[in-house]
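For reference, the structure is listed below as structure tokens.
Rule-based calculations on the coordinates, nothing more; no lab input. Bear in mind the structure is a predicted one, so any value in this text is a computation, not a measurement. No Cβ is skipped: glycine too gets one built from the backbone with ideal geometry, and neighbour counts run over all protein chains shown.
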Amino acid sequence: MSLKTLVMLAVGLLLLYLLFTVGAPFLLAIVVAIFMEPLTQLLTRKFRFNRLIASTVSSTLFTLILIGLMGLLGIKIVTELIAFAQKVPGYVGEANSYVTKLMNDAETMYEHLSPEAVAQLEKWLTGLSNTLLGLVNKLSSAVISFASGIPGMFIFFIVFLVAVYMFGYSLNTMKASVLSVFEEKSRPQVNEVLDNLKRSIFGFLRSQLILSALTYALSLVGLLILDIKYPLAIALLIVVVDIMPILGTGSVLVPWGTYLLATGDVFTGLGLYILFLFITVFRRIVEPKILGDSVGIGSLAALISLYVGFKLVGVIGVFLGPLVVIIYMAARKAGLFKLNIKL
């Protein structure tokens, strides 16, 4: 592989990383524009609309549907999040009271124990108190961080919607502009790569939506069975953290279940543990299969790309890893990469 090719690959990977970070609203917008393109073309052919009017109609339809869904589900979820945030100070107080009670109960046992046992008991209680208080403080910090990030999410949403309209207007010329960069003889191969990428990326996004919807449904059912307050908001939180490999739902359900077990709510605590195990096993079984079938890569390659991407660049790598594999496979199919090792 030549130095020029290596430099182009490095630049491409850097651009992909930037696209998934600072360019996230534009990435989502171009995906939506491509998704809406069949409707735009239908309006152009059937009703004789020009490109500007047809793309405006399709983009407006998407915007109205999105805002409608946000109005139906978002208001309820935000209401639960606000109510949950108001309960956080109470949870902190309960944790402090529980730790104080543990310390007081332990003092009455000291006179019957050996010095070694007293030292071990004090060490254990100190560790437990620090753990409980740390969990509650992290929960409080997460709620505050979410609240402080609302203005940024609003700006993200506005930029995303504007970009949907802009990409919708110019999508038909963007592909021609990309192809014009390459030599005439290379354009059919590049065009094939772009077509394969479009199919694979939409398959990848569809698989992620399916997995998130299934995780949300399982979490919501489990929380309702356990009769936990604010099930819609908590199930949404579980879906968000479940995107991350290794940690997954454990970063929410395990500390929560541990706290409830320590405070005496054995039924709910064990129920959260069972829910965590069920969701984790379910995702680890179906995720490689759904992802592999959707994007055309093997289950093992999908699993490896998820894990390696996460370890290298964090949460963004969960999406970036499979995308790199998708791009490589599309380029191989188009004949852009030929690797033949001779011994």
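Mind checking the full-extension length gain between ILE304 and ILE210? Use 0.36 nm per residue of separation minus the Cα-Cα distance, one decimal, nm. Provide the component values of the computation, followed by the final result.
Details: separation 94, 0.36 × 94 = 33.84 nm, distance 2.00 nm.
Answer, rounded to one decimal: 31.8 nm.
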**Study point:** Calculated FRET efficiency for the pair VAL281/ILE34, C-beta based, R₀ 22 Å, to 0.05
**Key:** 0.05
Check your understanding: Residue by residue through the range 272-287, which ³J(HN,Hα) values in whole Hz follow from phi under the Karplus form 6.51 cos²θ - 1.76 cosθ + 1.60 (θ = phi - 60°), with glycine and proline marked x?
Key -> 5, 4, 5, 4, 4, 5, 5, 5, 4, 5, 4, 5, 5, 7, 8, 4
Review point. Listed highest first by mean packing, meaning other Cβ atoms within 10 Å per residue, what order do 275-286, 214-225 come in?
Key: 214-225, 275-286
Exercise for review: Go through LYS289/LYS311; LYS198/LYS289; LYS229/LYS289 and tell me which ones have a Cα-Cα distance over 23 Å in this structure.
Suggested key: LYS229/LYS289
